[in-house]
Amino acid sequence: MRPTLRQLQYIVAVADLGRFRDAAELLGVSQPSLSEQVSDAETQLGVTLIERARTGAVLTPIGKEIVHRARIILTQVEDLKTVARQSEKGISGRYRLGTLPTIGPYLLPSAVRELHKLYPDLRMSVREERTVNLDEKLNDGRLDMVISTAEDHIHSETMQLFDEQLYACAAADAPLSDGTGPVEISELKGKEFLSLGYGHRLSMIVQKLAEAAGAHISTEYEGTSLDAIRQMAGMGAGVAILPSLYALVEAKKDPSQVVRPINHPLARRQISLVWRAGSPLEANIQKLGLVFRDVAADLLTPLPGDRPRKEKPKRK
């Protein structure tokens with residue numbers, strides 16, 4: 001049958017990497033062999049899929065459509081292999097997980113350890129992506145499941161994992177750090193919020209919270225990571241708005257870190273496990289979801305008094 005699955009794999013690799021040489025290195029074949037197979041597939045289909053330019057490989061309009069469909073075919077073949085292996089070993093083989101960068105680094109280390117204990121034949125590959133990229137890669141088959149906000153994946157199946165409350169973090173000598181317990185919305189009026197940049201769902205939530213509080217988003221600093229905005233807040237650049245998973249995990253590491261939950265309905269987000277509708281992996285994905293849910297519940301155990309205690313610096 002032409003084109004073959006191998007040829008489709010080659011075409012997708014070239015599309016992803018943008019160069020024949022890089023695709024050949026990734027797949028462990030020679031560049032002439034890969035190029036010949038792609039050309040043969042083009043001949044069989046009667047169309048040009050990839051333009052060979054000095055700047056790299058560029059998909060033609062029909063090439064983009066073929067690559068989209070090739071991803072679906074290759075994903076279905078991988079699903080078939082995984083289902084066949086599961087009949088003997090339970091959950092095994094490779095699962096491709098996408099996650100928000102505000103979730104993955106804080107949930108997955110503990111979750112992966114637990115998954116390895118329960119399913120030693122499971123292999124999990126993980127990619128951190130912005131929300132829009134997660135949805136695209138889930139739909140075209142590059143990911144089997146994602147940990148994200150359900151409202152951004154309306155055509156997919158979801159399983160709620162946990163709710164996150166947003167926390168405020170300010171410099172140690174800021175008035176906001178003197179209080180205990182939840183922060184009321186009135187305490188945030190006029191404050192400058194530090195948040196992640198465009199493309200992150202969290203930044204949209206923080207924007208709505210700022211509008212409700214009469215605060216504003218910093219125009220001088222746009223964070224690339226939660227660590228970065230927390231550090232900027234510690235230097236007095238503003239108030240970092242942090243999701244609870246990050247806030248609590250980091251606060252447990254550093255008892256001097258002051259984080260306080262924000263008491264307002266907008267200061268929350270729901271995190272879910274998401275997969276393609278009709279996926280043959282659905283039953284196993286749900287089993288994995290139960291592990292993610294249990295691990296998150298342990299990590300989200302509130303700190304005593306909702307904030308770590310610290311000794312205030314003495315004024316000279």
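Just name the residue that is surrounded by the most Cβ atoms within 10 Å (Cβ to Cβ) out of those in the stretch 215-247 that are under 18 Å from LEU176 (Cβ atoms), among the hydroxyl-bearing types (Ser, Thr, Tyr) and at pLDDT below 90.
Checking each candidate, the answer is SER218.
For the stretch 155-167, which residues satisfy the criterion of being in a strand (DSSP E or B), buried (at least 17 other Cβ atoms within 10 Å of the Cβ) and of a type in the set (S, T, N, Q)?
The answer is THR158, GLN165.
Per-residue answers, yes or no, for (1) under 30 Å from GLU282 (Cβ atoms); (2) touching a Lys or Arg at 6+ places or on another chain (Cβ under 8 Å):
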residue	(1), (2)
ILE154	yes, no
GLU157	yes, yes
ALA170	no, no
PRO182	no, yes
GLU187	no, no
GLU192	no, no
TYR198	no, no
ARG201	yes, yes
VAL206	no, no
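Among the residues of the stretch 19-50, count how many are touching a residue at least 12 places away in the same chain (Cβ under 8 Å) and of a type in the set (D, E, K, R).
Qualifying residue count, the stretch 19-50: 2.
For the stretch 92-100, state whether one or more residues are crowded, with 16+ Cβ neighbours inside 10 Å, in contact with a helix residue (DSSP H, G or I) (Cβ under 8 Å, 6 or more places away or on another chain), among the hydroxyl-bearing types (Ser, Thr, Tyr) and within 30 Å of LEU202 (Cβ to Cβ).
Checked against the condition, which is being crowded, with 16+ Cβ neighbours inside 10 Å, in contact with a helix residue (DSSP H, G or I) (Cβ under 8 Å, 6 or more places away or on another chain), among the hydroxyl-bearing types (Ser, Thr, Tyr) and within 30 Å of LEU202 (Cβ to Cβ), the stretch 92-100 yields at least one hit.
Is it the case that some residue within the stretch 134-154 is in a loop (DSSP other than H, G, I, E, B), under 22 Å from PHE193 (Cα atoms) and more than 15 Å from the chain's Cα centre (by Cα)?
no
Find the residue count for the stretch 192-214, including only residues that are modelled with pLDDT of 90 or more and surrounded by 20 or more Cβ atoms within 10 Å (Cβ to Cβ).
Going through the stretch 192-214 one residue at a time, the tally reaches 7.
Only residues that are outside any helix (DSSP H, G or I) and either in contact (Cβ under 8 Å) with a residue 60 or more places away in the chain or under 20 Å from SER156 (Cα atoms) (or both): list them for the stretch 91-118, please.
If the condition is that a residue be outside any helix (DSSP H, G or I) and either in contact (Cβ under 8 Å) with a residue 60 or more places away in the chain or under 20 Å from SER156 (Cα atoms) (or both), then ILE91, TYR95, ARG96, LEU97, GLY98, THR99, LEU100, PRO101, THR102, ILE103 are the ones that fit.
Are any residues in the stretch 32-65 within 16 Å of GLY18 (Cβ to Cβ) and hydrophobic (A, V, I, L, M, F, W, C), and if so, which ones?
LEU34, VAL38, LEU49, ILE50, ALA53, ALA57, VAL58, LEU59
Looking at (1) assigned by TED's automatic domain parsing to the domain that holds ARG230; (2) β-branched (Val, Ile, Thr); (3) in contact with a helix residue (DSSP H, G or I) (Cβ under 7 Å, 6 or more places away or on another chain), which is the only condition ILE103 fails?
Among (1) assigned by TED's automatic domain parsing to the domain that holds ARG230; (2) β-branched (Val, Ile, Thr); (3) in contact with a helix residue (DSSP H, G or I) (Cβ under 7 Å, 6 or more places away or on another chain), ILE103 violates only (1).
The values are calculated or read from the model by the stated rules, or taken from the named source; none is laboratory data. Being a predicted model, the structure only gives us computed values, none of them experimental. In this analysis, Cβ positions are derived from the backbone assuming ideal geometry, glycine residues included, and neighbour counts consider all displayed protein chains.
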